[in-house]
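Structure first, then comments.
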Amino acid sequence: MFGAFERMVAARYLRARKGERFVSVIASFSLIGIALGVATLIIVMSVMNGFRTELLGRILGLNGHLGIYAAGAPMRDFDAIAARVRGLPGVTAALPVVEGQALLTADRGGAFGGLVRGMRQADLRALKLVADNIREGSLDGFKGDDAVAIGIGLAQRLGLSVGGKITLISPQGSATAFGTVPRIRAYNVVAVFQVGFNEADTSFVFLPLEAAQVFFQVRDAATQVEVMVRDPDAVGTVNREVRAALADHGATLRVIDWTQSNNSLFAAVAVERNVMFLILTLIIVVAAFNVISSLIMMVKDKTRDIAVLRTIGAGSGAVMRIFLMCGAFVGVAGTVLGAVLGIVFCLNIETIRHWLESLTGTNLFNPEVYFLSQLPAELDWREVAQVIGMALGLSLLATLYPSWRAARTDPVEALRHE
């Protein structure tokens, strides 16, 4: 497609001589602009993908993909319901849970609100996000009426470790002759976990199921059954099957999956991701306009050379291909440089973040604000290919008009005005 003569002339034009530095500087800025646009787009899209994946994994790893809740009264036949649901296709686990709010205190710490979840020892072990991230103690002692597992953030706030005592105060008190008295009970910390989800690490407390039933006064009952499914994206199908399997319970049970309970959160993440994509694409568009301006200036600067080429027999197609190669080099080089920079940045994002934090002395990623303990990045190679394809397409389109103008140069008129 491109002959040796055309490649040689294009390479000559890309190497600026004295007096031609300005055009070369503009072309260099165009290349840098494309590289930065591609790199930024890849990095931001990867971080948004990682944020969604981590958030989804943390939330669903603790709360289940689908919940069966009792409407009005506690769920007395929770074991039968869980057994029936476990037999459905696509369901991997069904865990009875007693859940409630409580005020959490300790002798050496303050007081914090928290979410207390009562689960059987075997069920908590099946909750891999917690069981695989025990930092102190173990779940072997998670039994009886005096054991509790807490998050590492909560342990640090209250100054607790394994063997310490945490006091739970229920807002739903017990009625006495002197009025309503809050229920207060101290528990022994047997395990400290760190799941990497700041809200869970600082406010979640796990009790044995029987102890939670006593504390929240729902003896022999559960407040919900958490259901884990094989494919979270197909939870809608499982939702319909669960509703059909529990149809005999009528309106006493409510079935809510993760797409319903967290819809606003993940919809906001998706909208933010799309908006960021559109905004950052403008960087590449601006860089493409720089390619146009640098090529137009190159064509104007090389008008006499074009006339000479046409006079010695070079056709308009050859001239057009020469300037197409000049613009294509800027676009391709900038895109490749940006893609490499973006991919390397994403693969080493945590190391770079720690380096920047030590350099600036600031916290660039506060887990209390962003819910996660580290900055996530997940490369989607199809997305990377789309960004590269878009950048190459815009860059090559930007070369068409200046190249066409160069091809239309009249050699007679050009030499007459020299």
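The values are calculated or read from the model by the stated rules, or taken from the named source; none is laboratory data. Since this is a predicted model, take the numbers as computed values, not measurements. Don't worry about glycine lacking a Cβ; one is built from the backbone with ideal geometry, like all the others, and counts go over all protein chains shown.
List of remarks:
- With a requirement of 1 or more residues that are in contact with a His (Cβ under 9 Å, 6 or more places away or on another chain) and within 26 Å of Lys128 (Cβ to Cβ), the helices (runs of 4 or more DSSP H) lying completely within segment 188-277 that satisfy it span 235-245, 258-261.
- Residue that is farthest from Thr252 (Cα to Cα) [pool: residues in segment 71-86 that are assigned to a loop (DSSP other than H, G, I, E, B) and in contact (Cβ under 8 Å) with a residue 60 or more places away in the chain]: Arg76
- Listed by first and then second residue, the pairs with beta-carbon distance under 6 Å, at least 6 apart or on different chains, first residue in segment 349-360 and in contact (Cβ under 8 Å) with a residue 60 or more places away in the chain, second not in a helix (DSSP H, G or I), are Ile349/Leu375; Ile349/Ala377.
- Some residue of segment 263-270 being modelled with pLDDT of 90 or more and either buried (at least 16 other Cβ atoms within 10 Å of the Cβ) or among the small types (Gly, Ala, Ser) (or both): no
- Matching residues in segment 113-133 - criterion: being in contact with a strand residue (DSSP E or B) (Cβ under 7 Å, 6 or more places away or on another chain), among the hydrophobic types (A, V, I, L, M, F, W, C) and surrounded by 16 or more Cβ atoms within 10 Å (Cβ to Cβ): Leu115, Val116, Met119, Leu124, Val130
- Unique residue being modelled with pLDDT of 85 or more, more than 24 Å from Thr202 (Cα to Cα), of a type outside the set (D, E, K, R) and outside any helix (DSSP H, G or I) when the list is Pro89, Pro96: Pro89
- Scanning segment 13-33 for residues that are at pLDDT below 65 and either in a helix (DSSP H, G or I) or touching a Gly at 6+ places or on another chain (Cβ under 8 Å) (or both) yields Tyr13, Leu14, Arg21, Phe22, Val23, Ser24.
- The residue pairs whose first member lies in segment 293-305 and is part of a helix (DSSP H, G or I), whose second member is aromatic (Phe, Trp, Tyr) and at pLDDT below 65, and whose beta carbons are closer than 7 Å, counting only pairs six or more residues apart or on different chains, are Met298/Tyr13.
- The residues in segment 346-369 that are surrounded by fewer than 17 Cβ atoms within 10 Å (Cβ to Cβ) and either among the hydroxyl-bearing types (Ser, Thr, Tyr) or modelled with pLDDT of 85 or more (or both) can be counted, and the count is 6.
- Boolean, Leu62 is among the aliphatic types (A, V, I, L, M), surrounded by 15 or more Cβ atoms within 10 Å (Cβ to Cβ) and part of a strand (DSSP E or B): no
- Checking each residue in segment 197-247 for being crowded, with 16+ Cβ neighbours inside 10 Å and modelled with pLDDT under 85 picks out Phe197, Asn198, Glu199, Ala200, Pro232, Val235.
- Checking each residue in segment 44-64 for being more than 11 Å from the chain's Cα centre (by Cα) and either among the polar types (S, T, N, Q) or modelled with pLDDT of 85 or more (or both) picks out only Asn63.
- A residue that is over 22 Å from Leu400 (Cα atoms), at pLDDT below 75 and surrounded by fewer than 19 Cβ atoms within 10 Å (Cβ to Cβ) occurs nowhere in segment 281-301.
- Test for Leu36: is it farther than 30 Å from Arg243 by Cα, surrounded by fewer than 20 Cβ atoms within 10 Å (Cβ to Cβ) and either at pLDDT below 90 or among the hydroxyl-bearing types (Ser, Thr, Tyr) (or both): yes
- Close pairs (6 angstrom Cβ cut-off, 6 or more residues apart or separate chains): farther than 11 Å from Phe51 by Cα in segment 373-395, of a type in the set (S, T, N, Q) anywhere: Leu379/Ser46; Asp380/Asn49; Ile388/Thr335; Ala391/Thr335; Leu392/Thr335
- Val130 closer than 18 Å to Ala191 by Cβ, under 30 Å from the mean Cα position of the chain (by Cα) and not in a strand (DSSP E or B): yes
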